[in-house]
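Undergrad: Sharing a structure with you now.
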Amino acid sequence: MADQDSRTGARYATPEVLDYVNRVHAAHDAGFARAFATPAFMPAIQVGPSEGRLLYLLMKLARVQKAVEVGTLAGYSAMHIARALPAGGHLWSVEYEPKHAAVARENLEAAGVGSRVTVEVGAGREVLPRLEVHGPFDAVFIDADKVNYDHYGRWAIANLRAGGIVLGDNAYLFGKLAEDSEPGRAMRGFHELVAAACDSVCIPTPDGLVLGIKR
Ligand code: SAH
Ligand code: DHB
Ligand code: MG
């Protein structure tokens, strides 16, 4: 029988349970530990260890060779994606803040995946058109400014191969998805355009993770 509490997750995902499953399935080696420990000048808003691990597994399942990320921060999610790529695969990750990009490059280099990742500095809306020459892509992961998710989502659908995957973090918009605000409208636009172009779901991570497979 359906269980309201387990569907919301509120009852069972205790800190102890989450510590345990993260330790068993998503333990950090030195590379991940370094990228997860964001310096004080950066917000600690990277994906969680299990979300990072999910990104890695999805990249492997979809046999992703060429991926794009919007929002690099210190390179933690980029490291999960990069480690899933086969030899010759590549990730282009877009970051607005030059200081974040510099830290990310150091972290990715230290983890041995520096040559597989290009960190592009600039606003997503400016940088993405320049990446089109490398496409079509197998995966696009969106995790940057929420007011532009509809724009990034449209770009992803236009630049993914059929069967490629689009992912969007913070799909519940910190609980404000239904609000009549600019980010609310943009995030709902993202959900709806992904649902229209893909087989899709919003995975119930703490803040929602949209996954779509382009038709
Ligand atoms: N994906 C990362 C976390 C990204 S946090 C991880 O899980 O490890 C969001 C990042 O997006 C921040 O570093 C922020 O500087 C960047 N950002 C904000 N606005 C942006 C824009 N317009 N274009 C690209 N990056 C942007
Ligand atoms: C914020 C951004 C994120 O991408 C996230 O996962 C959590 C918080 C933020 O801007 O506060
Ligand atoms: Mg996020």
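Undergrad: Residue by residue, what Karplus-based ³J(HN,Hα) values in Hz, rounded to whole numbers, does the range 169-179 have, using 6.51, -1.76 and 1.60 with θ = phi - 60° and x for Gly and Pro?
TA: My calculation for the range 169-179 gives 7, 6, 6, 8, 6, 6, x, 10, 4, 7, 5 Hz in order.
Undergrad: If packing is taken as the mean number of other Cβ atoms within 10 Å per residue, what is the order of 121-131, 77-87, highest first? If you can, show how the numbers build up before the last one.
TA: On the way: 121-131: 15.8, 77-87: 22.4.
The peptides rank, most packed first, as 77-87, 121-131.
Undergrad: Antiparallel versus total DSSP beta bridges in the range 1-148: what percent is that, nearest 5?
TA: On the way: 0 of 14 bridges.
The antiparallel proportion sits near 0 percent.
Undergrad: Using alpha carbons only, how many angstrom separate the centre of the range 83-121 from the centre of the range 25-65?
TA: A separation of 13 Å, based on Cα centres.
Undergrad: Let a ≥ b ≥ c be the square roots of the eigenvalues of the Cα gyration tensor of the chain; is it rounded (a/c under 1.5), or, if not, prolate (a/b larger than b/c) or oblate?
TA: Numbers: a/c = 1.40, a/b = 1.08, b/c = 1.29.
Since a/c stays below 1.5, the shape of the chain is classed as rounded.
Undergrad: Moving to a separate point now. Rounded, prolate or oblate for the range 108-154? Axes are the square roots of the Cα gyration tensor eigenvalues, ordered a ≥ b ≥ c, and the cut-off for rounded is a/c under 1.5.
TA: Working: a/c = 2.00, a/b = 1.59, b/c = 1.26.
Cα axes put the range 108-154 in the prolate bin.
Undergrad: Here's a follow-up. If 23, 185, 63 are ordered by their accessible area, calculated over protein heavy atoms with a 1.4 Å probe, which sequence runs from highest to lowest?
TA: Working: 23 155, 185 125, 63 190 Å².
Heavy-atom accessible area, descending, gives 63, 23, 185.
Undergrad: Using only the Cα atoms of the range 31-78, build the gyration tensor, take square roots of its eigenvalues as a ≥ b ≥ c, and label the shape rounded, prolate or oblate: rounded if a/c is under 1.5, else prolate if a/b is larger than b/c, else oblate.
TA: Working: a/c = 2.64, a/b = 1.90, b/c = 1.39.
Note, shape of the range 31-78 comes out prolate.
Undergrad: What residues qualify as long-range amide H neighbours of residue 66, i.e. H under 5 Å apart, gap of 5 or more or another chain, H built at 1.01 Å from N?
TA: For residue 66, whose amide H was placed from the backbone, the distant partners under 5 Å are 90, 138, 139.
Undergrad: For residue 118, which sequence-distant residues (separation of 5 or more, or a different chain) have an amide H within less than 5 Å of its own amide H, given hydrogens modelled in the peptide plane?
TA: 91, 92, 93
Undergrad: Using a 1.4 Å probe on the protein chains only, how many percent of the accessible area of the range 40-139 belongs to carbon and sulfur?
TA: Taking all protein chains in place, the range 40-139 shows 53 percent carbon and sulfur surface.
Undergrad: Could you run the Karplus curve 6.51 cos²θ - 1.76 cosθ + 1.60 with θ = phi - 60° over the range 65-75 and give me ³J(HN,Hα) per residue in whole Hz, x for Gly and Pro?
TA: Result, rounded to whole Hz: 10, 10, 10, 10, 10, 10, x, 8, 6, 9, x.
Undergrad: Can you compute 3J(HN,Hα) from phi for each residue in the range 199-215, using the Karplus curve 6.51 cos²θ - 1.76 cosθ + 1.60 with θ = phi - 60°, rounded to whole Hz and x for Gly and Pro?
TA: 7, 9, 7, 9, 5, x, 6, x, 10, x, 9, 6, 10, x, 9, 5, 6
The values are calculated or read from the model by the stated rules, or taken from the named source; none is laboratory data. None of these values were measured; they are calculated from a predicted model. So basically every Cβ, Gly included, is an ideal-geometry build from the backbone, and we count neighbours across all protein chains shown. Surface accessibility is based on the protein's heavy atoms, side chains included, excluding ligands, DNA and RNA. Shrake-Rupley method; radii C 1.70, N 1.55, O 1.52, S 1.80 Å.
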